[in-house]
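> Let me give you the structure first, and then I'll get to my questions.
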Amino acid sequence: MKHLLVLLILLATISEATAQQPYRWTQLKGPNVGSTYYQLVWGAKGEIIAVAQTGYYVSFDEGNTWDFRTIINGNVINPQYFGLVISPAGEYYFYLGSSIVADASLIGIYKSTDFGVSWNHVLKNINVSQLIVGTDNSLVLQDFPEGNNYESIDRGNSWVQLPKLGSQLVACNSKYIYILNFNIYPYRFSNSSKQSTLFNTGNAGIPTYFAGYTLINDTLLLGYNDPYIYASNGEQNWDTVSKLPGVRNIIKGNGNAILANVLSSSRQGYYIASSTNNGKTWDSVLNISQVNQGVAYTSLNFTDLNNFLYEDTKAIYLSKDRGGSWKEVGFPQATIPTIIISNDGRIFADDRDNMYLTIDIKKSTDNGASWQSTRPPSISMYQFGKGSNQNTLCIAADSSNIVNVWEFDLTSPSLWRKKSSINNLFQMYYSSPTFIVSDGSKYTYIASGAKIYRSDDDAFSWINVKAPDDGSAIYSIEASSDGTLYFGTYPIMYRSDDHGSTWIKLEPVHDVVRLSYIKTFGTNNVLLGTEGDGLLLSSDKGNSWSRFDGNNFDTVTCIAINSKGVIAAATSRGLWIYEPLQQSWTKVTLGQDANLQIGGIDVAKNDDFYVGTYGSSVWVGSTHYNSVKYISAVHSVMSLSPNPTFGNATISLDLPLGSKIKLELYDVLGRRINILADGVYSGENQIPFNSLNLPNGIYTIILSGDKNETLKLVVNR
């Protein structure tokens with residue numbers, strides 16, 4: 001209680017006697033400008049699924065909006081294999097294999113029987129490299145690096161090890177498992193005899209090996225080896241059924257629909273061909289003039305011959321008319337593990353295509369409405385943060401383990417200038433995190449592994465401060481405004497009152513847990529996030545501690561505090577906000593995933609929170625409803641009648657020619673209720689609106705895009 005009172009006295013200096021407006025949380029369009037997703041899937045309910053490394057992105061409105069569904073909450077570094085398969089019974093299976101994990105029990109297979117809403121870890125501690133589902137709902141996997149095979153005939157509840165089958169699992173049914181071995185010879189494994197048999201591919205006109213083959217239905221296989229298509233019932237020899245020059249892949253859809261990816265020199269790239277008679281004849285269905293050339297065949301998917309999906313590393317494309325026309329639906333939002341706001345208001349986001357592989361640093365100068373690439377030259381893996389004068393610094397390692405320090409500089413033609421180098425420091429990602437922190441005045445610190453370097457001259461030179469080394473890496477570091485330096489390990493914490501010259505050992509927790517994040521405020525006050533013991537508070541520079549999260553959460557990934565004393569606590573399963581006036585914590589739901597893993601948080605000068613997430617890009621929490629993304633128009637283009645409303649109403653829009661806009665409805669807590677319009681509009685438009693399903697209350701209609709405006713709606717029945 002003493003710590004709570006201290007916190008309220010120091011931080012809750014709000015002059016108003018009443019509570020401030022609630023925070024409205026809005027997803028920004030995000031810095032992601034294209035990336036590679038390794039698998040596209042039509043879900044069992046018709047949703048579009050783009051599989052990522054620890055979950056998947058899902059869209060129920062043909063790619064207009066995306067939500068990230070977290071499957072794995074834990075430290076899985078750069079998985080070598082992952083994917084999602086759906087059984088004929090509609091059960092979802094997500095598999096993962098990685099040789100670099102903090103907890104080996106995270107790998108294996110996860111199962112969902114409710115269309116991805118909840119997941120059960122049905123197989124642990126096996127590095128799964130391949131998973132196929134049979135026409136009879138059986139499952140077969142292959143692990144790595146051993147190449148062992150396992151089968152489940154009870155939908156993943158139990159597993160039996162099989163003999164090693166081959167290098168690539170193809171398909172399975174109730175009688176056979178179909179395989180390509182290392183020499184790409186087609187084999188079948190009999191479930192009854194437990195023996196593998198080579199298909200006879202040596203008869204006239206048939207090559208001795210195949211590039212690949214696919215199970216089309218329970219009794220038909222199609223193989224291909226450019227330029228021919230071959231067929232077998234799975235037991236007898238292969239027959240040549242058609243010629244398709246350039247064939248690179250065959251994919252089975254629903255019913256009798258079959259697609260093939262074909263590389264054509266005359267078309268200068270890939271095109272899609274379809275067949276409805278088991279591969280005997282083929283029709284070209286991709287109008288390549290309407291999409292980017294070069295189809296990524298591993299990401300092609302479809303439900304029938306009217307519904308296609310593919311991605312070409314620049315965008316995801318959807319066709320609903322047999323490939324006659326294509327809609328670019330963009331990419332799901334990026335993973336943003338780090339986000340910082342510079343002193344002049346620029347927002348920097350670490351944009352990654354998955355949880356750990358760096359793609360770029362993106363910069364926004366308009367509160368996150370648009371983003372530009374601003375990557376320093378010739379770097380691969382990096383980290384960035386704030387320097388002593390609130391400038392943006394970036395560090396990157398080269399091949400000789402030398403860390404180069406770059407500064408973002410608007411006066412430089414390349415926007416970045418190299419300031420200094422540090423030898424033998426870089427230990428990023430695979431062994432431990434790397435950090436850049438500053439006390440905001442004179443000192444800047446870089447920490448990696450068990451080392452800490454200090455700069456007293458704005459990052460031009462560095463000295464090793466000889467931090468204590470207990471054999472654990474540094475997992476958190478913070479420099480307070482009075483110059484006190486803290487760092488946390490696993491589970492010990494240290495404090496230096498003389499900028500790293502001498503150190504005092506602190507012991508905030510008794511469990512063997514990692515100290516994940518440190519945030520200071522005032523002179524003596526410290527918030528400490530842990531992995532397992534929640535959020536702790538100290539008002540005496542870390543000498544004594546009390547738990548401060550109300551036992552609402554256990555693992556903290558990031559902490560931010562604004563000038564009003566509001567605390568944003570990022571966790572591995574959602575975002576929590578502490579309001580000092582109410583002295584209570586509230587969980588924030590971002591999108592459809594209440595347990596979304598949060599990456600970085602920073603605070604703008606107007607006290608808005610900018611939050612980076614794993615898979616759902618950037619969100620902003622604001623009490624300034626028009627200041628972040630939606631700016632009121634000088635001349636109103638939107639009206640609503642009647643208002644208040646008790647049933648049917650009409651939203652009137654008067655727009656310039658060719659205005660690209662989105663019209664959305666939000667409740668008083670900032671949750672999006674519906675998208676009312678999304679597209680290109682001109683002139684006067686009447687958008688019908690029905691409030692019969694809405695509870696009484698105050699709502700906000702937000703117009704964004706080429707025109708930005710907000711309108712209050714009162715529902716009163």
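> Just checking, does the stretch 160-181 include any residue being basic (Lys, Arg), open to solvent by 40 Å² or more (accessible area, probe 1.4 Å) and closer than 22 Å to Val85 by Cβ? Please lay out each step first, then the result.
The initial filter retains those residues of the stretch 160-181 that are basic (Lys, Arg), namely 164, 175.
Checking which are open to solvent by 40 Å² or more (accessible area, probe 1.4 Å) leaves us with 164, 175.
Next, from what is left, pick out any that are closer than 22 Å to Val85 by Cβ: 164, 175.
Yes - at least one qualifying residue is present in the stretch 160-181.
> Turning to a different aspect of this structure: Just one of the numbered conditions (1) touching a Leu at 6+ places or on another chain (Cβ under 6 Å); (2) modelled with pLDDT of 75 or more; (3) under 22 Å from Gly46 (Cα atoms); (4) among the hydroxyl-bearing types (Ser, Thr, Tyr) is not true of Ser299; which one?
(2)
> Then there's this: If I ask for residues that are open to solvent by 10 Å² or more (accessible area, probe 1.4 Å) and within 13 Å of Tyr490 (Cβ to Cβ), which ones from the stretch 514-531 would you list?
Answer for the stretch 514-531, where residues must be open to solvent by 10 Å² or more (accessible area, probe 1.4 Å) and within 13 Å of Tyr490 (Cβ to Cβ): Arg514, Ser516, Glu531.
> Just to check your reading of the model, which residue among Ser129, Ser105 is of a type in the set (Ser, Thr, Tyr) and open to solvent by less than 30 Å² (accessible area, probe 1.4 Å)?
Working: Ser105 fails: open to solvent by less than 30 Å² (accessible area, probe 1.4 Å).
Step by step, each of Ser129, Ser105 is checked, and only Ser129 is of a type in the set (Ser, Thr, Tyr) and open to solvent by less than 30 Å² (accessible area, probe 1.4 Å).
> Same structure, new question: At pLDDT 65 or above, in a strand (DSSP E or B) and within 30 Å of Thr26 (Cβ to Cβ): does that describe Tyr317?
Working: at pLDDT 65 or above: yes; in a strand (DSSP E or B): yes; within 30 Å of Thr26 (Cβ to Cβ): yes.
When the stated conditions are applied, Tyr317 passes them.
> Can you tell me how many residues within the stretch 581-602 are more than 25 Å from the chain's Cα centre (by Cα) and part of a loop (DSSP other than H, G, I, E, B)? Steps first, please.
Step one: of the stretch 581-602, the residues more than 25 Å from the chain's Cα centre (by Cα) are 581-585.
From what is left, the residues that are part of a loop (DSSP other than H, G, I, E, B) are 581-583.
Qualifying residue count, the stretch 581-602: 3.
> If the Cβ limit is 8 Å and pairs must be 6+ apart or interchain, which residue in the stretch 132-152 that is at positive phi pairs with which residue that is of a type in the set (A, V, I, L, M, F, W, C)?
Short answer, once both residue conditions are applied: Asn137/Ala89.
> Here's a follow-up. Checking the structure you have, find out if any residue of the stretch 325-333 is at pLDDT below 75, open to solvent by less than 30 Å² (accessible area, probe 1.4 Å), in a strand (DSSP E or B) and small (Gly, Ala, Ser).
Yes, that holds for at least one residue.
> Right, something else. Taking the condition of being more than 17 Å from Ser87 (Cα to Cα), in contact with a strand residue (DSSP E or B) (Cβ under 6 Å, 6 or more places away or on another chain) and not small (Gly, Ala, Ser), how many residues in the stretch 123-142 meet it? It would help to see each step written out before you state the result.
Of all residues in the stretch 123-142, those more than 17 Å from Ser87 (Cα to Cα) come to 124-129, 142.
With the extra rule that they be in contact with a strand residue (DSSP E or B) (Cβ under 6 Å, 6 or more places away or on another chain), the set shrinks to 124, 126-129, 142.
Then keep just the ones that are not small (Gly, Ala, Ser); that gives 124, 126-128, 142.
Number satisfying all stated conditions: 5.
> For the stretch 203-237, name all the residues that are outside any strand (DSSP E or B) and open to solvent by less than 60 Å² (accessible area, probe 1.4 Å).
Taking the stretch 203-237 and keeping what is outside any strand (DSSP E or B), we get 203-211, 218-219, 226-227, 233-237.
Of everything in the stretch 203-237, those that are outside any strand (DSSP E or B) and open to solvent by less than 60 Å² (accessible area, probe 1.4 Å) turn out to be Asn203, Ile206, Pro207, Phe210, Ala211, Pro227, Gly234.
> Within the stretch 664-684, can you find the residues that are assigned to a strand (DSSP E or B) and open to solvent by less than 30 Å² (accessible area, probe 1.4 Å)? Full working, then the answer.
Step one: list which residues in the stretch 664-684 are assigned to a strand (DSSP E or B), which gives 664-666, 672-684.
Across the stretch 664-684, the qualifying residues are Glu664, Leu665, Tyr666, Ala677, Gly679, Gly683.
> So, one more: Can you tell me which residue among Gly147, Gly108, Gly166, Gly116 is within 16 Å of Gly90 (Cβ to Cβ) and modelled with pLDDT under 95? Let's see the steps before the verdict.
Working: Gly147 fails: within 16 Å of Gly90 (Cβ to Cβ); Gly108 fails: within 16 Å of Gly90 (Cβ to Cβ); Gly166 fails: within 16 Å of Gly90 (Cβ to Cβ).
Result: Gly116 is the single residue among Gly147, Gly108, Gly166, Gly116 that is within 16 Å of Gly90 (Cβ to Cβ) and modelled with pLDDT under 95.
> Moving on to the next point. When residues of the stretch 685-699 are filtered for being within 15 Å of Val715 (Cβ to Cβ), open to solvent by less than 50 Å² (accessible area, probe 1.4 Å) and among the polar types (S, T, N, Q), how many remain?
The initial filter retains those residues of the stretch 685-699 that are within 15 Å of Val715 (Cβ to Cβ), namely 689-699.
Restricting the remaining residues to those that are open to solvent by less than 50 Å² (accessible area, probe 1.4 Å) gives 689, 691, 694, 697, 699.
With the extra rule that they be among the polar types (S, T, N, Q), the set shrinks to 691.
Going through the stretch 685-699 one residue at a time, the tally reaches 1.
> Something else about it: Which members of the stretch 136-151 meet the condition of being among the hydrophobic types (A, V, I, L, M, F, W, C) and touching a Ser or Thr at 6+ places or on another chain (Cβ under 6 Å)? Don't jump to the end; show me each part of the working.
Quick first cut of the stretch 136-151, residues among the hydrophobic types (A, V, I, L, M, F, W, C) only: 139-141, 144.
Once the filter is applied, which keeps residues that are among the hydrophobic types (A, V, I, L, M, F, W, C) and touching a Ser or Thr at 6+ places or on another chain (Cβ under 6 Å), the stretch 136-151 yields Leu139, Phe144.
> State the number of residues belonging to the stretch 163-202 that are over 14 Å from Trp238 (Cα atoms), assigned to a loop (DSSP other than H, G, I, E, B) and of a type in the set (Phe, Trp, Tyr).
1
The values are calculated or read from the model by the stated rules, or taken from the named source; none is laboratory data. Just so you know, these numbers come straight off a predicted model, no measurement behind them. Using ideal geometry, Cβ is built from the backbone for each residue, glycine included, and neighbour counts are taken over all protein chains shown. The accessibility values were calculated without ligands, DNA or RNA, using every heavy atom of the protein model including side chains. Shrake-Rupley method; radii C 1.70, N 1.55, O 1.52, S 1.80 Å.
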